[in-house]
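Single-structure report; data block below.
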Amino acid sequence: MSEIREIHVPDIGDFKDLPVIEVLVKPGDKVAFDDPLLTLESDKASMDVPSPGAGVVVSVTIKEGDRVSRGSSILTLQMAVDQAPAAVSAVNGTSVADAVKSSPAPAPLVSTPVVPVPAIAPAPTVNTPDAKPHASPSIRSYARKLGVDVTKVAATGKGGRILREDVERFVKDALVRLNRSAPHADQVGGLNLLPWPDVDFSKFGNVEKVALSRIKKISGANLSRNWVMIPHVTNNEEADITGLEAFRVQLNTEGGKDATKYTMLAFLIKAAVATLKAFPQFNSSLGNEDGEPILILKQYYHIGFAADTPNGLVVPVIRDADQKGIGQIATECGELARKARDGKLGPADMTGGTFTVSSLGGIGGTGFTPIINAPEVAILGVTRAQTRPVWDGKGFAPRLILPLALSWDHRVVDGAAAARFLQHLAALLADFRRITL
Ligand code: CAO
């Protein structure tokens with residue numbers, strides 16, 4: 001058995017004509033004893049009017065902006081008949097519509113003193129976007145001050161009320177998340193640079209305006225961020241690849257018409273993986289856990305390689321390069337480079353890289369400073385090998401020398417480790433048999 005009772009504003013002391021700041025329930029809502037129904041605001045404070053019992057809201061008679069005093073009607077509540085107003089715990093299963101039809105005479109005024117919002121309640125409630133968050137004006141104003149959107153705050157107060165601590169927890173979590181996604185986000189925007197020069201170049205001669213490709217826009221934004229945020233250092237080294245190049249040429253000569261083309265890039269990727277295994281901090285990313293910087297060492301070796309395309313630079317990734325032979329790596333590089341040129345690379349082809357190789361060897365150059373492909377921490381740049389006279393202790397011998405450049409993140413690696421990394425890599429390239437050791 002249930003009945004409809006009209007709920008009124010209880011004794012609120014000397015206050016009269018208080019404005020209703022917020023109505024916290026709507027028809028159909030289930031409320032428990034003591035759940036806040038509405039918030040009133042006096043010139044001194046805001047106060048919640050709690051429910052005198054458990055039930056289902058049938059109708060709400062006031063709205064935000066109304067002014068109320070003791071005895072003003074708030075709403076009608078379908079309640080179990082046998083429950084005492086202050087000890088209701090269950091809601092009768094009868095539908096609201098049925099209850100309205102069988103509604104007996106108006107319920108007596110139920111008066112309960114106004115109580116402050118309770119401090120702690122167990123399970124947090126995340127406010128859904130369409131539900132109005134339950135928060136008192138003072139909490140709302142506090143949240144506004146901190147730039148917090150109350151609809152996103154998980155409430156732990158009774159009846160889904162947002163407490164001051166909930167707002168503070170939200171801010172703390174947001175800061176942790178921010179640090180996690182950008183370990184040094186606090187540096188962004190603090191450069192205090194001069195504005196970019198705004199020059200009308202046509203004053204000085206003819207110009208042609210060309211839109212940047214989508215790839216250039218995306219890669220440009222990423223490269224700028226990486227260049228600004230990462231303390232880059234580049235170490236240089238030279239590798240004697242006389243023997244390796246002879247071996248590569250021999251392999252390619254042996255192959256039939258459709259045989260794999262063994263490329264220098266594939267050997268470089270294989271040697272890079274072996275070197276990363278020896279120096280795991282180069283196969284890592286900076287992370288953040290509970291506000292503390294951490295290093296995430298990856299136990300997989302997905303190697304990206306820079307590929308030049310008509311639309312700009314892309315970095316396809318060879319997955320699990322440690323588990324692949326040089327022939328397979330060469331074939332996959334060829335396929336991915338082709339896909340890149342045709343603009344057919346998908347996100348899966350370009351994500352998850354742990355280290356990048358950028359080879360300009362087919363084009364030229366004696367050295368360059370590659371930009372780290374964040375969130376990786378190092379990148380290997382390779383330029384054109386040249387035959388040079390090298391002193392072997394007795395005389396000069398012609399040797400094929402490959403210039404290597406390693407850019408690394410000084411937050412993660414130091415110069416000594418980078419020099420050792422390059423020495424190790426150069427030694428592998430000088431004698432590829434060492435890779436099996
Ligand atoms: N030294 C000397 N010669 C080299 C060499 C090196 N380091 N690397 C390659 N070559 C030679 C090869 O021997 C090959 O000659 P043959 O056809 O006679 O054998 C020729 O250059 C082309 O090499 P390749 O077919 O193996 O191609 P690649 O591996 O050099 O390059 C790829 C493939 C995808 C890396 C390349 O097409 C590319 O896009 N490079 C540009 C990368 C880039 O833009 N990096 C800069 C990023 S920062 O802006």
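Derivation of every value follows stated rules applied to the coordinates shown; laboratory data play no part. Not measured: the values here are computed from a predicted model. Neighbour counts are summed over all protein chains in view; Cβ atoms, including those assigned to glycine, are modelled from backbone coordinates with ideal geometry.
Protection proxy ranking for 136-143, 191-198, 370-377, using the average of other Cβ atoms within 10 Å per residue and placing the highest first: 370-377, 136-143, 191-198.
Ranking Ile4, Ile318, Ile296 by Cβ neighbours within 10 Å, fewest first, what do you get?
Ile296, Ile4, Ile318
Projecting the Cα atoms of Gly325, Gly367, Gly343 onto the dipole axis of the stretch 299-391, where Lys and Arg carry +1 and Asp and Glu carry -1 at the beta carbon, places Gly367 farthest toward the positive end.
Do the alpha carbons of any pairs in Lys30/Lys63; Lys298/Lys339; Lys277/Lys298; Lys145/Lys172 sit beyond 20 Å of each other, and which pairs? Intermediate results must be reported in sequence, preceding the final value.
Working: Lys30/Lys63 18 Å; Lys298/Lys339 27 Å; Lys277/Lys298 10 Å; Lys145/Lys172 15 Å.
The answer is Lys298/Lys339.
The charge dipole of the stretch 232-312, taken about its Cα centre with unit charges on the Cβ atoms of Lys, Arg (+1), Asp and Glu (-1) only, comes to about 360 debye. Distance between the C-alpha centres of the stretch 220-272 and the stretch 368-437: 10 Å, rounded to the whole angstrom. Its Cα centre serving as origin, the stretch 335-418 has a Cβ charge dipole (Lys and Arg +1, Asp and Glu -1) of approximately 360 debye.
Evaluate 2.2 N^0.38 Å with N set to the residue count of the stretch 383-431, then give the Cα radius of gyration divided by it.
1.43
Under 5 Å from the amide H of Ala239 lie the amide H atoms of Leu402, Leu404, each residue being 5 or more positions distant or on a separate chain, with H modelled from the backbone and absent for Pro and chain starts.
Rounded, prolate or oblate: which fits the stretch 226-302 when a ≥ b ≥ c are the square roots of the eigenvalues of the alpha-carbon gyration tensor, with rounded for a/c under 1.5 and prolate only if a/b beats b/c? Before the final figure, lay out each step's value.
Details: a/c = 3.23, a/b = 2.34, b/c = 1.38.
Prolate is the answer for the stretch 226-302, as a/c is 1.5 or above and a/b outweighs b/c.
Would you please state the base-10 log of I(q)/I(0) at q = 0.13, 0.16, 0.26 1/Å for the stretch 1-80, with intensities from the Debye formula using one equal scatterer on every alpha carbon? Debye intensities relative to I(0), on a log10 scale: -0.35, -0.52, -1.29.
Using a simple spin-label model with pseudo-atoms 7 Å out from Cα toward Cβ, Thr253 and Ile294 lie 5.4 nm apart.
Amide hydrogen proximity for His8: with H placed 1.01 Å from N in the peptide plane, the residues at 5 or more positions away or on another chain lying under 5 Å are Ile74, Val110. In terms of its C-alpha gyration tensor, the stretch 315-380 comes out rounded, because the ratio a/c of the largest to the smallest axis stays below 1.5.
When each of the peptides 409-419, 27-37 is scored by how many other beta carbons lie within 10 Å of its residues on average, the order from highest to lowest is 27-37, 409-419. Packing around the peptides 421-432, 280-291, taken as the average count of other Cβ atoms within 10 Å per residue, puts them in this order, highest first: 421-432, 280-291.
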